[in-house]
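One structure is given below, encoded as structure tokens.
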Amino acid sequence: MPGAFYWVCLVPLRGMYRWSGIMHEILWHGRGGQGVVLASEVLAEAAYLQGYRGVTSAPTFGPERRGAPLTASTRIDDEPIRTFSQIALADIVIVLDELLFGSVDIGAGLRNGGILIVNSARPPENFRLPDKPAARTASVDAAAIAREFRLTVGGAPVVNTPLLGSLARLWDRISLAGIERGLAFKMPPASAYNNYQAVRRAFEMTVVGDTRHEQT
Amino acid sequence: MSDVRIITGNEAAALAVTLCEPQVVAAYPITPQTKISELLSEYVERGTLKAEYVRVESEHSALSVLIAASTTGVRTFTATSSNGLLYMHEQLHWAAGSRLPIVMCCVNRGVAAPWSIFNDQQDSMSQRDTGWIQLYCRNNQEIIDTVIQAYRIAEEVYVPVMVCYDGFILSHTMMPVEIPDAAEVRRYLPPYKPHTFLEPERPRTINPVFFPWRRQNADGVLCDGYMEMRRKLQKGLEKARDVIAVASSDYAERFGRDHGGLFWTHRVEDADIILTGMGSIAAEATLAADLLRNEGVRAGVVGIRSYRPFPPGLPAVLRNARLIVVFEKCFSYGYEGGVTSDLKASLYGTGVDAPVIDVIAGLGGRDVKTADLLGAVREAMKSLESGDRACRTVWLNCREEE
């Protein structure tokens, strides 16, 4: 039978656990037209289908312009979500265009110990964040994968869905099966099939950087 | 099996409207409402919504079309935001004064100047005295359910209803929403049967000039004057207090979801620190209250769902309050936030003398996090503990001039 001291310690811990341990926050960085919002929506669908009762997917609030930097955010929780404010420090940051590192402070939105996934042909060591030494970094050549599966819009590779495969590789709370079902909810069967092949290829091809810090 | 979809607040509103089967829809696009009017025109085009969709050149015309349509006895819908709602202002009075059960979504957005497309609640709050019922939603599930309830309420008391929800924060954020069964919605909301309506076979004049005194009509019957008509409008809103509560409890019985009638509560049973507000900020406040509870503070939340009619039951819920913190996204310039004024007035003479701290937050879309709300409550508690019992207004996350 635990003593009084045990309960005194447990009560505040439980609160902190509920606050920071169960809700997962994912921030997507891309450019208008890259399908950032759709990727966030597919993730929300996948998480819901996997049994998470609370999911939200939100675009950048405000006007959107093609090519301009923008973000989308996904929240995933066991309980229905009651917070609708902007994400301050995400658990996972996914970057669809590596050139954004030159114009947006990507690291500012990632918690130390979180996961950073970048669409790039370069290895993940190129994207280490000096102020977030505990972050796990991964990269995947999503553009090459998109071309391989003929996922292009107006000649430009569609890199949003392949990155979901990289996410599943780095983060075991989302499965490839969940993403497959999520895609089926958001697009016609032929597109969903094609996108899922790209997701699987990205899952395999993702290069995971230094894994000294496995805990997320 | 229940039909759950992950959708935005605007999509939830548009689906609710489809389930309510209005015969006439007229809307003019304005951010962040635009998606509702786009979806409804799409549904009409596709044939899933059998309504007349009237394209108009302005919000003033949109509501004028609905006033005309509703006068012929049909169910109607429109949606707008911000300056669009302000442009409707004259017709808002006209719709309420004519006792037409029009339902409108106001996707809350700040008003100009300076120009903003982002969320606060100044638009609907500044239409407080137009005679419309105003209901505020805290998530997308509540939006779909409240729009359906709004028709039932409007058609029972013959008062138009504005369903308000936060622009972008809810209108553009996707979350799981259970779509009510269409047949069950039909049972909950039978087809609209107007008690009086205009038709070509029986031409009449409606709303002619009323004189300050009562007058006999052509049949020699002494009719109500302007003042009696306005008194009846108030009676309609007084009756709406019970009607809103019943519409909500009946809905809960049929669909299993109870969003509260005039207001909802979160952990208030033994609470002496009460946080209150309307819309998504009140949902955010429940997280702040939970965090305070974890520290041993007896905190709870009262979410105001109906701003007009204002809930008469608040003093009973607040009787044990030592401190009341109101979070609101609007301001009555020259005084204080509107919810605070009404709340204080409702407590007058009831024995509840807790200080009311009016926290103005999120104007023009400024981000409000749970931690911000928590900080404001802690600040208010510190003042109270130091013996300062003054009511005051605080502008949260706003730079003060030196």
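The values are calculated or read from the model by the stated rules, or taken from the named source; none is laboratory data. On a predicted model such as this, the values are computed, not experimentally measured, just so you know. Because the Cβ atoms are built from the backbone with ideal geometry, glycine has one as well, and the counts that use them run over all protein chains shown.
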Quick check on B:S386: is it surrounded by fewer than 17 Cβ atoms within 10 Å (Cβ to Cβ) and of a type in the set (G, A, S)? yes
Under the condition of being within 14 Å of chain A (Cβ to nearest Cβ) and charged (D, E, K, R), which residue from segment B:342-397 is farthest from B:N294 (Cα to Cα)? B:R366
Just wondering, is there one or more residues in segment B:180-203 that are closer than 30 Å to B:A14 by Cβ, acidic (D, E) and part of a loop (DSSP other than H, G, I, E, B)? yes
Return the only residue of B:L343, B:L374 being crowded, with 18+ Cβ neighbours inside 10 Å, of a type in the set (A, V, I, L, M) and under 23 Å from the mean Cα position of the chain (by Cα). B:L343
Is there a residue in segment A:55-66 that is in contact with a Pro (Cβ under 7 Å, 6 or more places away or on another chain), crowded, with 21+ Cβ neighbours inside 10 Å and either modelled with pLDDT of 95 or more or within 14 Å of chain B (Cβ to nearest Cβ) (or both)? yes
Failed condition for B:Y335, given (1) within 14 Å of chain A (Cβ to nearest Cβ); (2) surrounded by fewer than 24 Cβ atoms within 10 Å (Cβ to Cβ): (1)
Filtering segment A:32-46 down to residues that are away from every other protein chain (no Cβ under 13 Å) and either farther than 9 Å from A:T161 by Cα or β-branched (V, I, T) (or both), which residue is surrounded by the most Cβ atoms within 10 Å (Cβ to Cβ)? A:V36
Which numbered condition B:A113 fails, given (1) without any contact (Cβ under 8 Å) to a residue 40 or more places away in the chain; (2) within 14 Å of another protein chain (Cβ to nearest Cβ); (3) small (G, A, S): (2)
Can you name the residue in segment A:67-104 that is surrounded by fewer than 18 Cβ atoms within 10 Å (Cβ to Cβ) and farther than 26 Å from A:V158 by Cβ and is also nearest to the other protein chains (Cβ to nearest Cβ) among such residues? A:Q86
Single condition A:V153 does not satisfy, out of (1) over 14 Å from A:V95 (Cα atoms); (2) surrounded by 15 or more Cβ atoms within 10 Å (Cβ to Cβ): (2)
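Residue-wise test of (1) in a strand (DSSP E or B); (2) out of contact with any Ser or Thr (no Cβ under 7 Å at 6 or more places or on another chain).
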| residue | (1), (2) |
| --- | --- |
| B:A321 | no, yes |
| B:V326 | yes, no |
| B:E336 | no, no |
| B:A354 | no, yes |
| B:L373 | no, yes |
| B:A380 | no, yes |
| B:T393 | yes, yes |
| B:E400 | no, yes |
Pick from segment A:136-160, criterion touching a strand residue (DSSP E or B) at 6+ places or on another chain (Cβ under 7 Å) and of a type in the set (G, A, S), ranking: nearest to A:A190 (Cα to Cα): A:A146
In segment B:102-139, the residues that are β-branched (V, I, T) and outside any loop (DSSP other than H, G, I, E, B): B:V103, B:V107, B:T130, B:I133
